[in-house]
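Working notes, structure below.
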Amino acid sequence: MKGQDDYIDQISKIKDLEHQNAILNTDIEKFHTFFDDAPLGLFRATLGGKYIEVNNTFARMLGHNDPVELIRAIKDIGSEVYISNSERKKIVRRLIKGKGFLKHETYFRRNDGTIFPVNLFFNLIRGKDNKSLYLSGIVEDITEQKNSEEFLIQERNQLKTLIDSIPDFVYLKDIDGRFMLFNQAFEKLLDISD
């Protein structure tokens, strides 16, 4: 009887382990789905400049078909992705000296040579002994944001040119009565040129 009870106990433990393993595999699959399909580029890279892992979004952002292609193609992040290799080296030094995370705006190069603006969010991952292990990061392509900013600047300049060409006095005040905008005719009237 004791042998049979031990056998039943072992079978029960095996079934529990199989159940825990199934839950773990489901969690791993959920993580990979989240990682691969995230709307931002995600990566892990060595301090020396080689990608360890990237998601689909980041691979496409840099003009590659998939993460494996990107990891195989890029041998040196600093010289192949950054516009300036020294910029990446400075970022790594700042991360090693500091604690926590770093946000940085820069320009990246796609595999076809085109340049595009990005926001980077870095974290230096350290081991239990506080030794630097690798960089993890998030990459946001801010091309649309930069294009919108440029459009607004151009639109504002066109509006200023239009307002300045009006011979009548044109000005705009805020709620507290401070001048926010005025045309050249009004500027000449008040003699307030720069």
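The values are calculated or read from the model by the stated rules, or taken from the named source; none is laboratory data. Keep in mind it's a predicted model, so treat the numbers as computed, not measured. For neighbour counting, all protein chains shown are included, and Cβ atoms are generated from backbone atoms with ideal geometry for every residue, glycine included. These area figures cover heavy atoms from the full protein model, side chains too; ligands, DNA and RNA do not enter into them. Shrake-Rupley method; radii C 1.70, N 1.55, O 1.52, S 1.80 Å.
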Counting only residues that are within 16 Å of E140 (Cα to Cα) and of a type in the set (A, V, I, L, M, F, W, C), region 66-111 contains a total of 4
Filtering strands (runs of 3 or more DSSP E) wholly in region 75-143 for at least 2 residues that are open to solvent by 60 Å² or more (accessible area, probe 1.4 Å) and without any contact (Cβ under 8 Å) to a residue 24 or more places away in the chain gives 101-109
Exception for T114 within (1) under 17 Å from R44 (Cβ atoms); (2) at pLDDT 95 or above falls at (1)
Out of (1) free of Cβ contacts under 8 Å to residues at least 40 places away in the same chain; (2) within 23 Å of G41 (Cβ to Cβ), the one Y171 does not meet is (2)
